[in-house]
Amino acid sequence: MSLRIYNTLTQKKEDFRPIRPKDVRMYVCGVTVYDRCHIGHGRAAIIFDVIYRYLKYKGHRVVYVRNITDIDDKIINKANEEKTEANVIAERYIYELHEDMRLLDVLPPTHEPRATEHVSDIIAMIQKLLDNGYAYHLNGKVFFSVSKFKPYGRLSHKRVEELLAGTRFEPDEDKREVPDFALWKPAKPGEPSWPSPWGQGRPGWHIECSAMSTRYLGDSFDIHGGGRDLVFPHHENEIAQSEAATGKTFVQYFVHNGFVTNESVKMAKSLGNIVTIREVLEQTDCETVRLLLLSHHYRSPVDFSHKTLMESSENMERFYLLLKEIGTKLRTFPGKLAKVPDERLSSEEKSSLEPLLRFPKRFEQAMDDDFNTALAIGYFYDMARVLNRILHNPGDDPSLGPSLLAFAKDCFEKQGAVLGLFQSDPEAYLGQRKEKSLEAASLKEGEITRLIEERDMARKAKNWNRADEIRDYLVSHNIVLEDGPEGTRWRIKEF
RNA sequence: GGCGGCGUAGCCAAGUGGGAAGGCGACGGUCUGCAAAACCGUUAUUCACCGGUUCAAAUCCGGUCGCCGCCUCCA
């Protein structure tokens with residue numbers, strides 16, 4: 001079974017064939033560190049994190065590079081505003097970025113290069129482009145000459161003639177043609193700068209990714225990713241720079257993720273409609289965020305709202321209530337659990353257990369089809385329903401139930417790990433939720449347990465009026481009671 | 001204006017040639033003192049609209065309408 005990936009270059013799903021069959025090399029454009037990351041950045045990070053995890057799950061060795069842009073106009077502007085140095089701003093937000101990634105359980109990439117650490121690579125590549133005749137130098141500036149690179153527009157499917165006629169490009173009297181873009185720009189006084197054959201200056205935005213991807217992954221590699229908004233001009237320009245410098249095919253597969261929207265409008269700092277990762281994680285937990293984002297196909301937009309977040313949150317809680325119950329059940333079976341006895345199952349049992357027994361296969365089929373995490377998550381729900389049925393209807397064969405539960409637990413652990421879901425200890429997860437929501441609740445835990453005890457007394461005395469009065473009072477404080485065989489449990493309805 | 005995407009139930013959402021996944025909600029049932037949770041069942045004769053290709057279309061082609069993105073920094 002082979003993986004298929006939608007390739008922006010061809011606008012089709014293609015079989016994935018890495019250049020070196022077992023090794024996959026992937027480069028993803030990270031963030032410019034001038035402010036806190038918002039949930040849109042989080043989505044991109046999570047999607048490529050899942051792609052990284054799945055490629056490893058499939059048995060590939062993966063070298064994953066995600067860069068940090070730590071020198072840029074926006075960083076310099078912010079430094080000027082705060083009357084400090086650009087590197088102070090960059091360091092601060094690199095720290096925040098790492099904190100965000102850790103909180104979202106995004107694995108660290110193999111390499112996380114920074115533009116400022118690769119200025120010599122950048123200068124070498126610019127020199128090569130000048131030598132090859134694809135770039136020109138004027139007044140301390142170096143530009144890439146778009147019309148020299150014939151395949152320009154291959155990724156974004158734009159025509160160079162139309163771009164030449166366009167007006168929406170950064171104006172610069174030293175450019176020969178409007179779509180030409182800066183490889184090197186001279187520094188203004190007081191700005192961070194590096195010496196170069198063209199004077200003191202700093203790199204243009206696009207060249208850092210060409211230089212760093214080549215440095216870590218070679219002239220040609222397999223996957224290049226980023227948000228849709230990077231298709232043009234950023235990735236188009238990277239192709240031009242890299243291929244003009246090396247003469248080789250730059251990248252096999254370009255993968256682009258869709259946006260997070262707010263009221264159906266792209267979330268962007270310039271539009272002032274962002275929600276930061278940190279703000280979201282104050283309200284909810286990492287796995288809820290991952291569940292919400294991964295319940296949509298990575299190329300489609302996701303509307304981020306309180307409602308969708310709460311829905312995911314409740315689903316996450318239900319999954320963990322199930323996992324907790326599975327854990328409890330399995331602890332009462334201390335012996336070694338046999339494998340699921342396939343041959344002992346009737347065809348009727350097989351078909352009703354199919355969502356469980358065939359889960360790993362289904363999961364892989366979904367993920368192989370262009371990382372269809374939404375479908376894969378649907379299969380988790382199907383499996384959960386079967387498990388709840390087993391737990392509440394043990395059936396005749398006493399050894400069958402536990403071996404099925406053990407099998408399911410493995411699935412939640414192993415396939416869940418690909419999505420970064422179901423990785424917490426159920427008791428700890430549910431406990432944390434309770435703690436978090438208690439902070440927002442208007443009652444203290446002691447008060448709640450005291451009321452539950454009082455209600456129990458009332459129930460034993462068959463004083464249903466008093467019992468219901470207490471329950472209604474708790475519901476009005478967002479606390480739901482569940483009377484079970486082991487007594488009364490409580491949980492927070494919504495937070 | 002150019003390029004690209006989307007329009008599937010009350011809401012969210014997967015599905016790109018031959019059975020309309022899944023979640024939320026709603027309704028009925030089992031369980032319960034009553035609930036909650038869980039389970040069972042019902043909830044799209046039809047996929048924005050119109051036309052075409054095909055034995056067969058949500059899916060392919062053409063057109064119309066609506067929404068969004070990129071074309072300037074952007075995940």
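The values are calculated or read from the model by the stated rules, or taken from the named source; none is laboratory data. As the structure is a prediction and not an experimental result, all values here were calculated from the model. When we count neighbours, we look across all protein chains shown, and the Cβ atoms used for this are built from the backbone with ideal geometry, even at glycine.
Can you run down the residue pairs with Cβ atoms below 7 Å, 6 or more apart or on separate chains, where the first is in region A:158-187 and more than 24 Å from residue A:122 (Cα to Cα) and in the same structural domain as residue A:237 (by TED's automatic domain parsing) and the partner is within 11 Å of RNA strand B (Cβ to nearest atom) and small (Gly, Ala, Ser)?
Pairs found: A:159/A:153; A:160/A:153.
Take region A:59-88 and flag every residue that is more than 12 Å from RNA strand B (Cβ to nearest atom), within 20 Å of the chain's Cα centre (by Cα) and touching a residue at least 60 places away in the same chain (Cβ under 8 Å).
A:63, A:65
Of the residues in region A:170-190, how many are surrounded by fewer than 15 Cβ atoms within 10 Å (Cβ to Cβ) and either in contact with a Leu (Cβ under 8 Å, 6 or more places away or on another chain) or at pLDDT below 80 (or both)?
Residues meeting the conditions: 4.
From the residues in region A:32-48 that are crowded, with 23+ Cβ neighbours inside 10 Å and β-branched (Val, Ile, Thr), which one is farthest from the chain's Cα centre (by Cα)?
Across region A:32-48, the extreme among qualifying residues is A:33.
Among the residues that make up region A:329-338, is at least one of them surrounded by 15 or more Cβ atoms within 10 Å (Cβ to Cβ) and not hydrophobic (A, V, I, L, M, F, W, C)?
Yes: region A:329-338 contains one or more residues that are surrounded by 15 or more Cβ atoms within 10 Å (Cβ to Cβ) and not hydrophobic (A, V, I, L, M, F, W, C).
Six or more apart or on different chains, Cβ atoms under 7 Å: show the pairs whose first residue is in region A:380-392 and in contact (Cβ under 8 Å) with a residue 12 or more places away in the chain and whose second is more than 6 Å from RNA strand B (Cβ to nearest atom) and of a type in the set (D, E, K, R).
Every condition considered, the pairs that remain are A:391/A:325; A:391/A:329.
Hey, can you tell me all the residues within region A:104-135 that are within 26 Å of residue A:200 (Cα to Cα), part of a loop (DSSP other than H, G, I, E, B) and among the polar types (S, T, N, Q)?
A:132
Conditions tested, residue by residue: (1) part of a loop (DSSP other than H, G, I, E, B); (2) touching a Lys or Arg at 6+ places or on another chain (Cβ under 7 Å); (3) within 16 Å of RNA strand B (Cβ to nearest atom); (4) not assigned by TED's automatic domain parsing to the domain that holds residue A:30.
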residue	(1), (2), (3), (4)
A:199	yes, no, no, no
A:212	no, no, yes, no
A:219	yes, yes, no, no
A:226	no, no, yes, no
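Within region A:221-252, count every residue that is under 21 Å from residue A:127 (Cβ atoms) and either in contact with a helix residue (DSSP H, G or I) (Cβ under 8 Å, 6 or more places away or on another chain) or surrounded by fewer than 24 Cβ atoms within 10 Å (Cβ to Cβ) (or both).
Qualifying residue count, region A:221-252: 12.
Any residue at all in region A:299-311 that's more than 17 Å from the chain's Cα centre (by Cα), of a type in the set (Lys, Arg) and assigned to a helix (DSSP H, G or I)?
Scanning region A:299-311, I find at least one residue that is more than 17 Å from the chain's Cα centre (by Cα), of a type in the set (Lys, Arg) and assigned to a helix (DSSP H, G or I), so the answer is yes.
State all residues of region A:267-278 that are buried (at least 17 other Cβ atoms within 10 Å of the Cβ) and either outside any helix (DSSP H, G or I) or more than 18 Å from the chain's Cα centre (by Cα) (or both); if no residue qualifies, say none.
A:267, A:274, A:275, A:276
May I ask you to verify whether residue A:235 is assigned to a helix (DSSP H, G or I), touching a Cys at 6+ places or on another chain (Cβ under 9 Å) and of a type outside the set (A, V, I, L, M, F, W, C)?
Yes.
Can you go through A:311, A:325 and tell me which one is within 8 Å of RNA strand B (Cβ to nearest atom) and within 25 Å of residue A:427 (Cβ to Cβ)?
None of the other options fit; the residue is A:311.
Name every residue in region A:473-494 that is loosely packed, with under 12 Cβ neighbours inside 10 Å and at pLDDT 90 or above, in order of residue number. Step through it out loud before you land on a result.
Filtering region A:473-494 for residues loosely packed, with under 12 Cβ neighbours inside 10 Å gives A:476, A:482, A:484-487, A:494.
Result: A:482, single match.
Test of understanding: among A:89, A:71, A:51, A:75, which residue is within 24 Å of residue A:223 (Cα to Cα), hydrophobic (A, V, I, L, M, F, W, C) and either crowded, with 23+ Cβ neighbours inside 10 Å or modelled with pLDDT of 95 or more (or both)?
A:51
Identify the residue in region A:156-178 that is near RNA strand B (Cβ under 7 Å from one of its atoms) and assigned to a loop (DSSP other than H, G, I, E, B) and, among all such residues, is farthest from residue A:225 (Cα to Cα).
So, considering only residues that are near RNA strand B (Cβ under 7 Å from one of its atoms) and assigned to a loop (DSSP other than H, G, I, E, B), the one farthest from residue A:225 (Cα to Cα) is A:166.
For the structure I just gave you, tell me whether residue A:129 is assigned by TED's automatic domain parsing to the domain that holds residue A:200, more than 16 Å from RNA strand B (Cβ to nearest atom), surrounded by fewer than 17 Cβ atoms within 10 Å (Cβ to Cβ) and in contact (Cβ under 8 Å) with a residue 24 or more places away in the chain.
Details: assigned by TED's automatic domain parsing to the domain that holds residue A:200: yes; more than 16 Å from RNA strand B (Cβ to nearest atom): yes; surrounded by fewer than 17 Cβ atoms within 10 Å (Cβ to Cβ): no; in contact (Cβ under 8 Å) with a residue 24 or more places away in the chain: yes.
No, not satisfied.
What are the residue pairs meeting all of these: first residue in region A:243-269, first residue in contact (Cβ under 8 Å) with a residue 60 or more places away in the chain and within 9 Å of RNA strand B (Cβ to nearest atom), second residue hydrophobic (A, V, I, L, M, F, W, C) and assigned to a strand (DSSP E or B), Cβ atoms under 6 Å, and 6 or more apart or on different chains?
Listed by first residue and then by second, the contacts come to A:260/A:302; A:267/A:260.
Pick from region A:136-151 the residues that are over 15 Å from residue A:206 (Cβ atoms) and part of a strand (DSSP E or B): which of them is farthest from the chain's Cα centre (by Cα)?
A:138
Identify the residue in region A:143-155 that is surrounded by 14 or more Cβ atoms within 10 Å (Cβ to Cβ) and farther than 12 Å from residue A:236 by Cβ and, among all such residues, is nearest to RNA strand B (Cβ to nearest atom). Give the steps one after another, and end with the answer.
Here is the first cut: in region A:143-155, the residues surrounded by 14 or more Cβ atoms within 10 Å (Cβ to Cβ) are A:143-149, A:152-155.
Remaining after also requiring farther than 12 Å from residue A:236 by Cβ: A:143, A:145, A:147-148.
Values: A:143: 13, A:145: 16, A:147: 15, A:148: 18 Å.
Filtering first and then ranking leaves A:143.
Sort out for me the helices (runs of 4 or more DSSP H) sitting completely within region A:398-495 that have 1 or more residues that are more than 30 Å from residue A:333 (Cα to Cα) and within 13 Å of RNA strand B (Cβ to nearest atom). Can you show your working first?
On the way: elements: A:400-419, A:426-440, A:445-460, A:464-476.
Ranges flagged: A:445-460, A:464-476.
Tell me which residues, restricted to region A:433-472, are surrounded by 13 or more Cβ atoms within 10 Å (Cβ to Cβ), free of Cβ contacts under 8 Å to residues at least 24 places away in the same chain and closer than 26 Å to residue A:315 by Cβ.
A:471 - this is the single residue of region A:433-472 that is surrounded by 13 or more Cβ atoms within 10 Å (Cβ to Cβ), free of Cβ contacts under 8 Å to residues at least 24 places away in the same chain and closer than 26 Å to residue A:315 by Cβ.
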